[in-house]
Amino acid sequence: MSGKHVAVLMGGLSAERPVSLSSGNACADALEAEGYRVTRVDVGRDIAAVLSDLRPDVAFNALHGPFGEDGAIQGVLEYLEIPYTHSGILASALAMDKARAKSVAAAVGIPVAPGLEINRFEIGNKHPMEPPYVVKPVTEGSSFGVVIVREGQSHPPQVLGSSEWRYGDRVMVERYIAGRELTCGVMDGVALGVTEIVPLSGAFYDYDAKYAAGGSKHVIPAEISPNIYQKIQTLAVKAHQAMGCRGVSRSDFRFDDTVSEEGELIWLEINTQPGMTPTSLVPEMAAHAGRSFGDLVRWMVEDASCSR
């Protein structure tokens with residue numbers, strides 16, 4: 001029995017609050033089963049005062065989205081000198097900004113999709129690039145705000161210029177990459193297995209495909225050639241290191257095996273706060289490597305520190 005007091009930070013202020021509550025409660029249950037003293041903290045704007053009163057030994061960061069994985073909560077924890085899980089301030093902020101992360105990835109030789117960063121109001125009625133292309137918010141997760149513009153579509157998505165848009169003014173426009181959705185976790189600087197995600201509700205791995213029951217099927221190990229499998233693992237570690245990540249991360253890829261014998265492999269983004277229910281992608285990868293969910297969360301707590 002550890003005896004450590006762990007504050008599991010969950011909920012939060014972002015659109016990903018329901019996902020975070022699911023992750024946080026699953027981690028809290030597992031940590032209690034591992035013998036830790038656990039306090040579940042639904043994070044609000046008074047979080048600094050709450051943690052000052054609690055004074056836990058470790059903060060387990062199960063937050064998703066803005067404030068939770070963009071360096072903000074990490075800064076609070078650094079200020080309070082509370083050791084925490086996952087990546088630190090700089091890596092979190094960098095990975096959350098998809099445009100900046102993409103620039104860093106490209107600079108170290110990781111293949112990325114051609115595209116541009118633009119203010120959504122600049123798009124207007126003229127395509128910013130030849131369709132098909134994808135428009136995505138620069139600083140959102142869980143596929144919120146992602147729009148696919150298909151070949152032959154006469155104008156850009158009208159929602160981009162409307163008052164209904166809630167995802168910030170900076171967007172990325174990227175060439176649409178056809179093919180298979182692949183992802184690879186990294187734990188302590190070492191690649192886990194590669195998973196193929198097969199959306200069952202449609203061709204796009206959107207919010208419902210990620211989180212709704214029966215929304216997608218996970219195939220691990222992915223049924224791809226050994227050289228592509230190994231290449232994805234290598235690139236996932238390279239991205240983890242280039243961003244300065246700590247703990248666990250997960251890189252997402254698209255692989256089009258119809259264009260050539262080797263196919264086209266494109267890195268999409270890195271997630272510094274992957275979902276953490278027992279059936280989430282990284283826990284499944286850890287289980288495939290022989291590490292139970294309890295082992296995984298215990299390792300994350302023991303790995304926690306400040307100055308990450």
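Per-structure values
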| item | result |
| --- | --- |
| Looking only at the stretch 1-39, and only at residues there that are part of a strand (DSSP E or B) and more than 22 Å from the chain's Cα centre (by Cα), the one that is farthest from Asp303 (Cα to Cα) | Thr39 |
| Single residue of the stretch 1-22 satisfying the filter (surrounded by fewer than 24 Cβ atoms within 10 Å (Cβ to Cβ) and among the hydroxyl-bearing types (Ser, Thr, Tyr)) that is modelled with the lowest pLDDT | Ser2 |
| Conditions (1) surrounded by 13 or more Cβ atoms within 10 Å (Cβ to Cβ); (2) free of Cβ contacts under 8 Å to residues at least 60 places away in the same chain; (3) of a type outside the set (Asp, Glu); number of the one not met by Asn125 | (1) |
| Strands (runs of 3 or more DSSP E) completely within the stretch 188-300 that count 3 or more residues being modelled with pLDDT of 95 or more, under 18 Å from the mean Cα position of the chain (by Cα) and not hydroxyl-bearing (Ser, Thr, Tyr) | 190-199, 248-256, 264-271 |
| Complete set of residues in the stretch 215-269 that are closer than 18 Å to Gly193 by Cβ, in contact with a strand residue (DSSP E or B) (Cβ under 9 Å, 6 or more places away or on another chain) and among the small types (Gly, Ala, Ser) | Ser216, Ala222, Ala236, Ala239, Gly247, Ser249, Ser251 |
| Tally, over the stretch 11-29, of residues that are under 19 Å from Glu284 (Cβ atoms) and in contact with a Pro (Cβ under 8 Å, 6 or more places away or on another chain) | 1 |
| Number of the condition not met by Gly185 [criteria: (1) surrounded by fewer than 18 Cβ atoms within 10 Å (Cβ to Cβ); (2) under 29 Å from Ala289 (Cα atoms); (3) under 17 Å from the mean Cα position of the chain (by Cα)] | (1) |
| Count of residues meeting criterion [surrounded by 14 or more Cβ atoms within 10 Å (Cβ to Cβ), touching a residue at least 24 places away in the same chain (Cβ under 8 Å) and over 14 Å from Ala99 (Cβ atoms)] in the stretch 146-171 | 7 |
| Selection status of Glu140, closer than 24 Å to Gln273 by Cβ, acidic (Asp, Glu) and at pLDDT 90 or above | no |
| Among residues of the stretch 55-70, those that are surrounded by 22 or more Cβ atoms within 10 Å (Cβ to Cβ) and under 14 Å from the mean Cα position of the chain (by Cα), counted | 8 |
| Complete set of residues in the stretch 103-128 that are modelled with pLDDT under 95 and outside any loop (DSSP other than H, G, I, E, B) | Gly115, Leu116, Glu117, Ile118, Asn119, Arg120, Phe121, Glu122 |
| Selection from the stretch 82-99 of residues that are part of a helix (DSSP H, G or I), surrounded by fewer than 23 Cβ atoms within 10 Å (Cβ to Cβ) and at pLDDT 95 or above | Ile89, Leu90, Ala93, Leu94 |
| When residues of the stretch 243-265 are limited to those that are crowded, with 19+ Cβ neighbours inside 10 Å and of a type in the set (A, V, I, L, M, F, W, C), the one nearest to Gly179 (Cα to Cα) | Phe255 |
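The values are calculated or read from the model by the stated rules, or taken from the named source; none is laboratory data. Because the structure is a prediction, the values reported are computed rather than measured. With ideal geometry, Cβ positions are generated from the backbone for all residues, glycine too; neighbour counts draw on all protein chains shown.
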